[in-house]
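The values are calculated or read from the model by the stated rules, or taken from the named source; none is laboratory data. Keep in mind that what you see is a predicted model, and the values were worked out from it rather than measured. FYI the Cβ positions are ideal-geometry reconstructions off the backbone, even for glycines, and counts take in every protein chain you see.
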Amino acid sequence: MLAFILRRLVQSIAVLLTVGLVSFFLFRYVGDPITSMVGQDTPAAEREALKEKLGLNDSAPVQFIHFIGNAARGQFGLSYRTSEPVNRLILERMPATLELSFCAAVFALFVGIPMGVYSGLYPKHWSSRLFQAVSLIGVSLPTFLIGILLILLFAVILHWLPSFGRGQTSTFGWWTTNFTSWKGLQALILPSITLGLFQLTLIMRLVRSEMLEVMRTDYIKFARARGLTNRAINFGHALKNTLVPVITVTGLQLGSLIAFALVTETVFAWPGVGQLFIQSVQFADIPVMAAYLMLIGLLFVLINLVVDLLYFVVDPRLRGPGTARAGH
Amino acid sequence: MASGTSWLSRAADSDIWWSFKSSTLTVIAAAVTVLIIAIAFLSPLIAPHTPFDPSTLSLSDGLKPPAWMQDGDWAFPLGTDDQGRDVLSSIMYGTRLSLVVGLASVIVSMLLGISLGLVSGYVGGATDAVIMRIADVQLTFPAILVALLIDGVVRGLISVQRHDEIALFVIIGAIGLSFWVQYARTVRGSVLVEKSKEYVQAARVIGLSPVLIMVRHVLPNVTGPVLVIATINLGLAIISEATLSFLGVGLPSTQPSLGTLIRLGNELLQSGEWWITVFPGVTLAALVLAVNLLGDWLRDALNPKLR
């Protein structure tokens with residue numbers, strides 16, 4: 001087990017270094033850092049001096065090591081677009097994205113799992129067929145279109161919910177939150193549904209197919225023969241055994257939620273990190289792009305690592321001396 | 001023996017055709033796909049207006065609702081946008097662009113993935129390791145992020161005005177580069193299996209070139225899986241293009257795809273002009289749903305385990 005964890009750690013570091021290399025090339029060779037700092041008209045001698053001072057005349061590997069060192073301390077320089085420090089820009093917008101992704105994940109899990117259990121237990125029931133049809137549409141409709149349709153229905157036609165922005169927020173230190181006021185919570189509803197719908201359909205389909213499989217096994221028949229209640233069989237025995245793949249998929253999807261938040265944030269004018277990234281792509285704001293890339297890379301690597309470790313916690317077969325299965 | 005009729009009758013007799021005929025949903029999906037493709041590519045002939053010729057536009061036609069509503073005009077069946085452009089004609093031309101980008105980027109990623117997969121599997125060693133590690137790193141990120149990043153880099157390298165001119169190629173390249181991994185992995189796996197078989201060894205012994213062996217002997221074994229990936233990826237590529245254009249980093253408003261049309265209409269949604277957004281959206285959804293259903297069917301039909 002230790003060998004496995006070490007191998008995964010080395011792999012994760014390799015992935016991070018590759019992402020760092022891509023970020024570094026973006027940062028250093030796409031666009032001209034000097035021109036973006038002092039403008040076109042500065043005399044050549046002055047530019048040369050600045051170049052020397054910033055270490056841009058060092059060899060590429062030395063610059064790369066400096067870049068990684070700065071990145072590890074969260075230093076990515078100034079945004080080309082707003083001239084603010086990149087780390088502050090990102091930190092300001094992080095709470096909005098994290099709260100949105102969290103609510104979307106909660107929505108996907110707490111609606112997706114019951115829907116999946118139900119349509120796995122009663123696959124022929126009309127509502128199960130309805131769930132299946134809805135999930136097919138959920139997979140086929142692009143996220144932004146779902147968002148627009150929700151806005152049209154609930155904001156423009158019915159006037160029930162706000163369609164853009166975070167509404168009312170309160171600030172605790174550097175963290176701004178939506179959770180303290182009714183207006184803030186209302187503003188979260190539509191974006192969370194939009195962002196979570198794809199994950200919901202994914203979880204529902206997964207739970208459904210796992211449930212269908214588990215219900216056919218002998219130990220479920222045996223549990224029935226023992227006279228256990230339906231409730232104990234369905235939830236205590238069947239659902240518990242479907243949860244291993246659900247944990248994996250949900251974990252891996254958590255990263256996608258944060259990445260896909262950029263589409264939802266644009267639809268709902270939600271001031272998060274994703275919206276910042278889109279603006280930086282539109283303006284070719286390379287420092288922000290490089291920092292976002294590193295951040296998402298770190299996030300994905302961490303999530304993959306945690307999910308791999310969760311296998312050991314959830315599945316007892318992987319623990320103990322049987323771990324050397326790869327050698328067989 | 002190889003006359004046209006015998007090929008047709010053999011095709012009509014095959015398992016695939018039978019499985020196609022027996023699935024009503026698939027037949028409907030195929031019909032919808034063919035219909036949308038036909039209308040899109042015939043748009044210069046059958047569209048009622050030429051929406052992107054400024055001389056035919058009149059602002060007094062602006063923001064007309066669909067024809068069946070009050071103030072509607074049958075000259076503009078699905079209404080007009082704020083510039084007086086006919087929504088129906090915009091959708092026809094826009095669908096054509098969406099399809100062109102989708103198909104072209106699928107071809108780009110397919111060619112790239114197949115060749116990298118062949119090289120990786122056949123050459124092996126360090127080349128294989130490098131290609132597959134790059135694939136691993138890329139798979140860590142969602143495809144849309146990779147496409148966005150490529151688009152952003154190109155914007156950093158060239159001027160904005162120049163970017164609008166070549167936006168079509170940039171977006172095809174960006175989406176194409178973000179979907180190659182699946183093909184490469186599939187092809188590589190199949191190459192590894194076939195490489196050790198006797199007929200490939202025999203071909204090597206008689207001195208055929210590696211390129212010829214790969215193209216003539218190894219590639220035919222992967223057409224099925226590659227076709228399935230391509231169909232499923234076509235839906236994904238169309239969604240990616242629409243998403244990028246919606247985010248404002250895809251096709252410009254002078255050259256609008258379905259995604260661009262939805263973005264432009266979205267700005268007017270709050271004031272109640274829903275038709276400018278909803279009709280392109282419905283078209284996009286129908287197209288992607290139909291292509292996805294075809295992809296699902298093809299995957300099941302070509303899977304020997306399910307027969």
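Looking at A:300, A:198, which one is under 22 Å from residue A:144 (Cβ atoms), in a helix (DSSP H, G or I) and in contact (Cβ under 8 Å) with a residue 12 or more places away in the chain?
When all the criteria are applied, what remains is A:198.
Within the set of pairs 6 or more residues apart or between chains, which connect a residue that is among the polar types (S, T, N, Q) inside region B:173-186 to a residue that is modelled with pLDDT of 90 or more with Cβ atoms less than 7 Å apart?
Taking only residues 6 or more apart or on different chains, the pairs are B:182/B:113; B:186/B:117.
What do you reckon, is residue A:188 at pLDDT 85 or above, within 14 Å of chain B (Cβ to nearest Cβ) and crowded, with 17+ Cβ neighbours inside 10 Å? Quick ask: steps written out before the conclusion?
Details: at pLDDT 85 or above: yes; within 14 Å of chain B (Cβ to nearest Cβ): no; crowded, with 17+ Cβ neighbours inside 10 Å: yes.
Answer is no for this residue.
Which ones in region A:147-168 are within 11 Å of another protein chain (Cβ to nearest Cβ) and aliphatic (A, V, I, L, M)?
A:148, A:149, A:151, A:152, A:153, A:155, A:156, A:157
Kindly check whether there is at least one residue in region B:114-133 that is within 10 Å of chain A (Cβ to nearest Cβ), in contact with a helix residue (DSSP H, G or I) (Cβ under 8 Å, 6 or more places away or on another chain) and surrounded by fewer than 20 Cβ atoms within 10 Å (Cβ to Cβ).
Looking for residues that are within 10 Å of chain A (Cβ to nearest Cβ), in contact with a helix residue (DSSP H, G or I) (Cβ under 8 Å, 6 or more places away or on another chain) and surrounded by fewer than 20 Cβ atoms within 10 Å (Cβ to Cβ), one finds at least one in region B:114-133, hence yes.
Check A:102, A:144 and return the single one that is within 14 Å of another protein chain (Cβ to nearest Cβ) and buried (at least 16 other Cβ atoms within 10 Å of the Cβ).
Being within 14 Å of another protein chain (Cβ to nearest Cβ) and buried (at least 16 other Cβ atoms within 10 Å of the Cβ) holds for just one of A:102, A:144, which is A:144.
Run residue B:248 past the list (1) at pLDDT below 85; (2) in a helix (DSSP H, G or I) and report the number of the one that doesn't hold.
The single condition residue B:248 does not satisfy is (2).
Every residue in region A:147-174 that is aromatic (Phe, Trp, Tyr) and surrounded by 14 or more Cβ atoms within 10 Å (Cβ to Cβ), please.
Matches in region A:147-174: A:154, A:164.
Please count how many residues of region A:60-99 are out of contact with any strand residue (DSSP E or B) (no Cβ under 7 Å at 6 or more places or on another chain) and not in a helix (DSSP H, G or I).
Number of matching residues: 10.
Starting from region A:26-54, keep only residues that are within 14 Å of another protein chain (Cβ to nearest Cβ) and outside any helix (DSSP H, G or I), then list their pairs with residues that are loosely packed, with under 11 Cβ neighbours inside 10 Å and modelled with pLDDT under 70 whose Cβ atoms are within a distance under 9 Å, requiring at least 6 positions of separation or different chains.
Here the result reads none, with nothing in region A:26-54 linked to a residue that is loosely packed, with under 11 Cβ neighbours inside 10 Å and modelled with pLDDT under 70.
Within region B:232-258, how many residues turn out to be facing chain A (nearest Cβ under 8 Å) and under 14 Å from the mean Cα position of the chain (by Cα)?
4
Kindly indicate which of A:223, A:269, A:232 is touching a Gly at 6+ places or on another chain (Cβ under 9 Å) and assigned to a helix (DSSP H, G or I). Working first, answer last.
Working: A:269 fails: assigned to a helix (DSSP H, G or I); A:232 fails: touching a Gly at 6+ places or on another chain (Cβ under 9 Å).
From the options A:223, A:269, A:232, the qualifying one is A:223.
What are the pairs with Cβ atoms under 8 angstrom where one residue, in region B:266-279, is within 9 Å of chain A (Cβ to nearest Cβ) and the other, located anywhere, is outside any helix (DSSP H, G or I)? Sequence gap at least six, or different chains.
Matching pairs, first to second residue: B:270/A:163.
Could you please let me know if residue B:289 is closer than 22 Å to residue A:151 by Cβ, touching a residue at least 40 places away in the same chain (Cβ under 8 Å) and either among the charged types (D, E, K, R) or facing another protein chain (nearest Cβ under 10 Å) (or both)?
Against the criterion (closer than 22 Å to residue A:151 by Cβ, touching a residue at least 40 places away in the same chain (Cβ under 8 Å) and either among the charged types (D, E, K, R) or facing another protein chain (nearest Cβ under 10 Å) (or both)), residue B:289 qualifies.
Please verify whether region A:119-140 includes one or more residues that are crowded, with 21+ Cβ neighbours inside 10 Å, within 14 Å of chain B (Cβ to nearest Cβ) and under 25 Å from residue B:267 (Cα atoms).
The answer is yes, given that some residue of region A:119-140 is crowded, with 21+ Cβ neighbours inside 10 Å, within 14 Å of chain B (Cβ to nearest Cβ) and under 25 Å from residue B:267 (Cα atoms).
Residue check, residue A:208 against (1) away from every other protein chain (no Cβ under 14 Å); (2) surrounded by fewer than 19 Cβ atoms within 10 Å (Cβ to Cβ), all met but one. Which one?
(2)
How many residues does region A:264-305 contain that are within 14 Å of residue A:27 (Cα to Cα) and in contact with an Asp or Glu (Cβ under 7 Å, 6 or more places away or on another chain)?
Number satisfying all stated conditions: 1.
How about region B:140-228: which helices (runs of 4 or more DSSP H) wholly inside it have at least 2 residues that are surrounded by 18 or more Cβ atoms within 10 Å (Cβ to Cβ) and within 14 Å of another protein chain (Cβ to nearest Cβ)?
The qualifying helices (runs of 4 or more DSSP H) are B:143-157, B:167-178.
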